[in-house]
Amino acid sequence: MRYIPHTEEDVRQMLEVIGVGSLEDLFEEIPRSVRLQRPLNLSRPLSESELLRDLRGLAALNATAETHRSFLGGGAYNHFIPAVVDQIISRSEFYTAYTPYQPEISQGTLQAIFEYQTLVCQLTGMDVANASMYDGASACAEAVLMAARATRRKRVILSAALHPEYRETVATYCRYLDVELVTVPFAPDGRTDPAALAPLLDGESAAVVVGYPNFFGAVEDLAVLAEAAHGVGARLVAAVQEPIALGLLKSPGELGADIVAGEGQSFGMPVAFGGPYLGFFAARQKDVRTMPGRLVGETLDKEGRRGFVLTLATREQHIRREKATSNICSNEGLCALMATVYLALMGKSGIREVAVQNLSKAEYAKSAIAALEGFSVPFSAPTFNEFVVEARQDAGALLGRLEGQKILGGIPLGRYFPDMSNRFLVCVTEQNGREEIDALVAALAGGEQ
C-alpha cells in the first residue's frame with residue numbers, strides 16, 4: 001500500500017504506552033494562543049485514484065518549461081537530459097547506496113565518485129575536486145571559508161555581479177565567524193570593475209569571489225582579477241552557476257583561479273522547482289587539506305588490484321571536531337552520479353556542441369531583442385547564454401503579460417537590484433528553438449505568436 005494510516009485503536013495503544021490521555025496532551029508545551037483551536041478544513045477522504053487525479057490537477061497549474069516557452073535561468077537551467085541518465089541512477093545498487101564508509105563493499109559508489117571528481121578537475125582545470133557539496137550557493141560559501149583558512153585572513157571581497165543568492169548564502173555562513181565581507185561594484189559593461197577592486201585589496205584580504213559567467217551572464221576577465229588577488233596573497237574564487245559554459249570558455253584554472261565552486265544542475269539534473277541540486281568544488285593541490293567534504297582516491301589493495309577509498313574526509317564525524325573544515329555531511333552521491341553519466345555520455349565534443357548551441361542561440365536572441373524599439377542590452381561585456389535586457393516599462397509587469405501568452409520571458413532584476421526595476425535577465429539554452437525565440441521577440445514587441 002502507498003500509505004497505512006493509524007486506526008483509532010493504534011492511536012489509543014500508543015497513547016497508553018507513553019502515558020497520556022489524548023493527542024492534545026502531547027502539545028501542552030505549546031502555548032494555547034498559538035495552537036489551532038478548530039479542526040482542519042480538509043475535504044472528505046479520497047481514494048487513491050481520486051487523490052492522484054487531484055494532485056495531477058494541482059501540478060497542471062504550475063508554469064514550467066513543459067507548459068510554457070521558458071527563458072528562465074539565473075542559476076537553474078533547462079537543458080536536455082538523455083534518458084540513460086535516469087535509467088542508470090535508477091539501478092538499486094546506486095539509489096540505495098549511502099556514504100561509502102566500508103570500501104570493501106562500496107567499490108562501485110567510490111569509483112563513481114572518483115570518476116566524478118576527475119571530470120570536475122578536467123572541466124575546471126584544477127588539481128583536486130571533492131564530493132558532497134549541496135549546491136552552488138553553499139559550495140561558494142564553503143570556498144570563502146576555505147580561503148580564510150588557507151590564508152589565515154578574515155577579509156573577503158565579493159563582486160556585486162556575483163549571484164545575489166550566492167552572496168546571501170556567503171553572508172549567512174560568515175555571520176558569526178568574524179569574517180568581513182566587502183562588495184566590489186561592477187563596471188558599466190556588467191563585469192567586476194578591476195579599478196574599483198585595486199584599492200580594496202590589502203594584506204588582510206583572504207579572497208576575491210566572482211562569477212564565471214557572472215549573474216548577468218557576462219564572462220569575467222579572470223586572468224586580470226587573479227593577478228590582482230595574487231598580488232596581495234589572496235585567493236581567487238570562481239563561482240560557476242552555469243557549468244555548460246566550461247565546455248567553451250577557458251577553464252578557471254587556466255586563468256589563475258585558486259578555488260572553483262559551482263552548481264552542477266546543468267549536468268543531467270532537472271530544474272525540479274529548485275532541487276535536489278549538486279555543488280561541485282575544486283582547488284589547487286597546495287590547499288587540499290583545507291578543503292571541505294570528501295575526497296575519494298585511487299589505491300592498490302594488498303594483492304595489487306586497483307581500488308578506491310575515502311582518502312580525505314574532513315568532517316567532524318571523521319576527525320576531531322575542532323579540526324573539521326565543514327559540517328557538510330550529505331553524500332550527494334546520486335546527484336554526482338547523474339553529472340558523471342551526463343558528462344561521460346556527452347564527452348568533450350558533446351559538451352562543446354551544447355555550449356556552442358547555447359552561445360549561438362543566445363546571441364541570436366540578444367540581437368533580435370536589442371533591435372526592438374523600446375528595448376536595449378545595457379551591458380556590453382561578452383555573455384554566454386544569459387544577458388540583461390532593459391525596457392521602458394516595469395519588467396515585472398512586462399513579464400507578467402508574457403506569462404499570459406505562455407512565455408516565461410526572464411527574471412525581473414528589481415527583485416535583487418532596486419535600481420533595475422526596468423531590467424530582466426533572459427536565458428537561452430539548446431532547448432529553445434528559433435520558433436520559440438521569435439515568439440519571445442514578437443511578444444516583447446507587443447504582438448503574439
The chain - share of DSSP beta bridges that are antiparallel (%, nearest 5): 55 percent
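Asp419: net charge of surrounding residues, Cβ under 14 Å, Lys/Arg +1, Asp/Glu -1, itself excluded?
Around Asp419, the charge tally is 0.
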Can you tell me how much longer the chain between Thr64 and Ile18 gets when fully stretched, taken as 0.36 nm per residue apart minus their C-alpha distance, in nm with one decimal? 11.9 nm
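Work the Kirkwood hydrodynamic radius out for region 83-342: mean of 1/r over every pair of different alpha-carbon atoms, inverted, in Å. Mind showing how you got there, number by number?
On the way: mean 1/r = 0.0539 Å⁻¹.
Its Kirkwood hydrodynamic radius stands at 18.5 Å.
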Take every Cα-Cα pair in region 396-449 and report what % of them are more than 16 Å apart. 42 percent
Would you give the gap between the C-alpha center of region 335-371 and the C-alpha center of region 170-217, rounded to a whole Å? 28 Å
Would you mind counting up the charge near Thr192? Only other residues with Cβ under 12 Å from its Cβ, with Lys and Arg at +1 and Asp and Glu at -1. -3
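If you count, for each residue, the other Cβ atoms within 10 Å and average over each peptide, how do 50-63, 189-202 line up from highest to lowest?
Packing proxy ranking, top to bottom: 189-202, 50-63.
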On full extension of the chain, what length is gained from Arg415 through Ala272, given 0.36 nm per residue of separation minus the C-alpha to C-alpha distance? 49.3 nm
Put +1 on the Cβ of every Lys and Arg and -1 on every Asp and Glu Cβ in region 83-342; which of Gly293, Ala196, Phe94 then has its Cα farthest towards the positive end of the dipole? Gly293
Give the relative contact order (percent, whole number) for region 83-342; include only Cα pairs under 8 Å separated by 6+ residues. 27 percent
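In nm, what is the difference between 0.36 nm times the number of residues separating Glu227 and Glu28 and their Cα-Cα distance?
Separation in residues times 0.36 nm, less the Cα-Cα distance, equals 65.5 nm.
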To the nearest Å, what is the center-to-center distance of region 16-35 and region 379-406, using C-alpha atoms only? 52 Å
Out of the chymotrypsin sites (Phe, Trp or Tyr not before Pro) in region 164-270, which ones are loop residues according to DSSP with at most 15 other C-beta atoms within 10 Å? Tyr176
Need one number: nm distance between label points at Glu298 and Phe80, each 7 Å from Cα along Cα→Cβ, rounded to one decimal. 3.1 nm
What does the charge add up to near Arg392, with Lys and Arg as +1, Asp and Glu as -1, over the other residues with Cβ less than 12 Å from its Cβ? -2
Tail beyond 40 Å, pair distance distribution of the chain (Cα, percent): 30 percent
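Hand me the tally of lysine pairs in region 83-342: alpha carbons under 27 angstrom apart, and the pair either on different chains or 8 or more positions apart.
For region 83-342, qualifying lysine pairs total 4.
Readers should treat all values here as calculations from the given coordinates under stated rules, not as data from a laboratory. All values reported here derive from a predicted model rather than from experimental measurement. Reconstructed Cβ throughout: ideal geometry from the backbone, glycine too, with neighbour counts over all protein chains shown.
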